[in-house]
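Quick notes on the structure that follows.
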């Protein structure tokens, strides 16, 4: 089973990170109108990194198939960074760590109109949980999914190494 996943692992990680970004952008931000805090945006940067590295590994391994294990390990490292960022955000949400978020950058000029000039346009705080499911916040799900994919990446790379 794992040997079948190895050649398409970069595509799978690209798909999962794309789905997570799509959920964040289109469902949570556009449909539910939940604006991201600075730590949420930083978590998204890690998934954009996963997309870039996964696409690069996919293209490079078409020409150099022997580099597939190293590429999968590299994808795993980027996913581990995403898990770390998500874990840090969970620690901030749980008030285990104090984070000084840059609050000015999250107010979007497109959100301003004559109708909301009198409203409080306070950007979202990093230590407030705005959505959770089963007691786990979005940052928590990001950390869990990213960690699971990172560990799976390392497993796929190691399994492929032993079979060669």
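Laid out as a table, the results:
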item	result
42, 64 arranged by Cβ crowding within 10 Å, fewest neighbours leading	64, 42
Order of 151, 51 - criterion: other Cβ atoms within 10 Å of each residue's Cβ, fewest first	151, 51
Exposure proxy order (Cβ contacts within 10 Å, fewest to most) of 132, 137	132, 137
Alpha-carbon centroids, the range 1-80 and the range 135-153: separation in whole Å	13 Å
Stretchable slack from residue 11 to residue 70, in nm (0.36 nm times residue separation minus alpha-carbon distance)	19.7 nm
R0 of 22 Å, Cβ-Cβ distance residue 148-residue 62: FRET efficiency to nearest 0.05	0.25
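Values in this text are rule-based calculations from the coordinates and carry no lab data. Just so it is clear, the structure is predicted and the values come from calculations on it, not from any experiment. Here Cβ is always computed from backbone atoms with ideal geometry, including for glycine, and neighbour counts include all displayed protein chains.
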